[in-house]
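The values are calculated or read from the model by the stated rules, or taken from the named source; none is laboratory data. Because the structure is a prediction, the values reported are computed rather than measured. Here the Cβ positions follow ideal geometry from the backbone for every residue, glycine too, while neighbour counts run over all protein chains shown.
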Amino acid sequence: MDRGLLPSIQEISRRLRLGVYLVGGAPRDLILSGRLEDLDLLVEGVGEQFARDLAEALGGKVRAHARFGTAGVDCPGGRLDIATARRESYDAPASLPRVVPGTLEEDLQRRDFTVNTLVIDLGSGPPYELVDSYGAMEDIEEGRLRVLHDGSFLDDPTRVLRGLRFESRLGFRMDEATERLARAALNDGAFDALSGDRLRREVFRLLEVEPAGCIESKLKRFEELGLAGILHPSLRIPTESLAWIGRSATASLDLPADVTRVEGWRLVLPWLLGSLEPTEQQATADRLALRPEDRSWLLSSREDLERVIEVLRRAALKPHEVDRVLRPLRSEQMARLLAFGEASVVQWARRWLDEIRLVKLSLTGRELAAAGFGPGPGIGRALESTREARLDGSIRAEEELRFALNVLNSEGVKAERA
């Protein structure tokens, strides 16, 4: 984020007489790395008015969400997220909070961990004033995650999962008291009250693929804290499963840039649930409120991949046969193949990624139409057969048209001549 935006923010803050603060992970990350990646601004007062004035000053556009007291400003220097200071209350454990406008202090009390309560007052300075109301600096120095109050995880049990993400990403660790509160919230059934939508979103975020090793450390802690039971009471995570998941995550980071981005839950969850019976896997899909297509994929992807592995184990396999079974796979399944222990399987997966899938015909349906063949399914079959012949090295590029015409004639497609 361009620090040149700060003077404009300060000027508008003073003109409107509004307190404006840099909050969230930005102050924490600035202290840890010296980088200011994002500007999440908190406004004491009418945040929407501040956002509109700032957008006008910067030549940007504002997108206000009055219901949530938030706004986004898209400007040449980047995007700024602006929120009005709020306070919240919970009608019941794990329920969504009631949120109303509040003060800076009340907004800080909403935070999950002390390390996220640091504030930089953008109305002061430069130099800008750092406000530490909850001992966050000491916790950062000690690499410690600490909740603000004993009821934090009961109010919002998803904070436990966010804590695991912070542990992995920052290299921090929940302190003894915070971990005890996390276990108590789990034992008290706090997660049972979470909706499937909220649980799914946080589990999916937890399973996002990050640099090598991160997914393993998150899942180890997930198991240590007894959180596997929130997916299904019978679920356990064997050490060997963690190792393979870790190898798959590493392989996914090495996939070619043009391959569809890996979704962490698709990479991890089918194998995490591998020890469960089919009915237990279905119950987990129900608990996560998966969409029908995601549910179907979760329950079938592992068996689909096992069938592919059996094909790749065959002797005297031809490239076009490999292409047939690998083309329908998602990138997550390809990462699993690359992490597989058998050399022949890994070699075919790598060859398909680096070579086979990239083979394109110079021939198109236009040339076949110009040769007198009208549209129809025969054209598609001829092109597919021609590509398979190219993959197997049976023909060269300059022989594609002749080969395809022979296929059409041999299949009796003459009747389709225009």
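Checked against the criterion of being surrounded by fewer than 16 Cβ atoms within 10 Å (Cβ to Cβ), acidic (D, E), in the same structural domain as D258 (by TED's automatic domain parsing) and in contact (Cβ under 8 Å) with a residue 24 or more places away in the chain, the candidates E306, E342, E310 yield just one match: E342. All of (1) over 25 Å from R159 (Cβ atoms); (2) of a type in the set (A, V, I, L, M); (3) at pLDDT below 85 hold for V73 with one exception: (3). Going residue by residue through segment 361-378, is there one that turns out to be aliphatic (A, V, I, L, M), within 30 Å of R247 (Cβ to Cβ), surrounded by fewer than 18 Cβ atoms within 10 Å (Cβ to Cβ) and out of contact with any Ser or Thr (no Cβ under 9 Å at 6 or more places or on another chain)? For segment 361-378, residues aliphatic (A, V, I, L, M), within 30 Å of R247 (Cβ to Cβ), surrounded by fewer than 18 Cβ atoms within 10 Å (Cβ to Cβ) and out of contact with any Ser or Thr (no Cβ under 9 Å at 6 or more places or on another chain): absent. Mind listing just one residue for me: the one in segment 156-184 that is of a type in the set (D, E) and surrounded by fewer than 20 Cβ atoms within 10 Å (Cβ to Cβ) and, of those, nearest to S95 (Cα to Cα)? So the residue we want is E179.
Answer with yes or no whether L242 is part of a loop (DSSP other than H, G, I, E, B) and more than 21 Å from R350 (Cα to Cα). No. No other residue among E202, E210 is closer than 21 Å to L255 by Cβ and either buried (at least 20 other Cβ atoms within 10 Å of the Cβ) or touching a residue at least 24 places away in the same chain (Cβ under 8 Å) (or both) apart from E210.
Number of residues in segment 320-339 that are exposed (fewer than 14 other Cβ atoms within 10 Å of the Cβ) and either acidic (D, E) or assigned to a helix (DSSP H, G or I) (or both): the value is 0. Of the residues contained in segment 83-100, none is found to be within 30 Å of L164 (Cβ to Cβ), touching a residue at least 24 places away in the same chain (Cβ under 8 Å), assigned to a helix (DSSP H, G or I) and basic (K, R). Filtering A94, A182 for residues that are at pLDDT 95 or above and of a type in the set (A, V, I, L, M, F, W, C) leaves a single hit, A182. Here is a check on your reading of the model: is D132 buried (at least 17 other Cβ atoms within 10 Å of the Cβ) and touching an Asp or Glu at 6+ places or on another chain (Cβ under 9 Å)? No; evaluated as a whole, the condition is false for this residue.
All of G45, G59, G34, G24 fail the test of being assigned by TED's automatic domain parsing to the domain that holds E105, touching a residue at least 60 places away in the same chain (Cβ under 8 Å) and of a type in the set (G, A, S), apart from G24. For residues that are small (G, A, S) and either touching a helix residue (DSSP H, G or I) at 6+ places or on another chain (Cβ under 6 Å) or part of a helix (DSSP H, G or I) (or both), scanning just segment 25-54, find the one that is surrounded by the fewest Cβ atoms within 10 Å (Cβ to Cβ). Among those residues, the one meeting the criterion is S33.
Looking at segment 366-375, is at least one residue among the charged types (D, E, K, R) and closer than 28 Å to A316 by Cα? No: zero hits.
Restricting E384, E398 to residues that are loosely packed, with under 13 Cβ neighbours inside 10 Å and assigned to a helix (DSSP H, G or I) narrows the list to E398.
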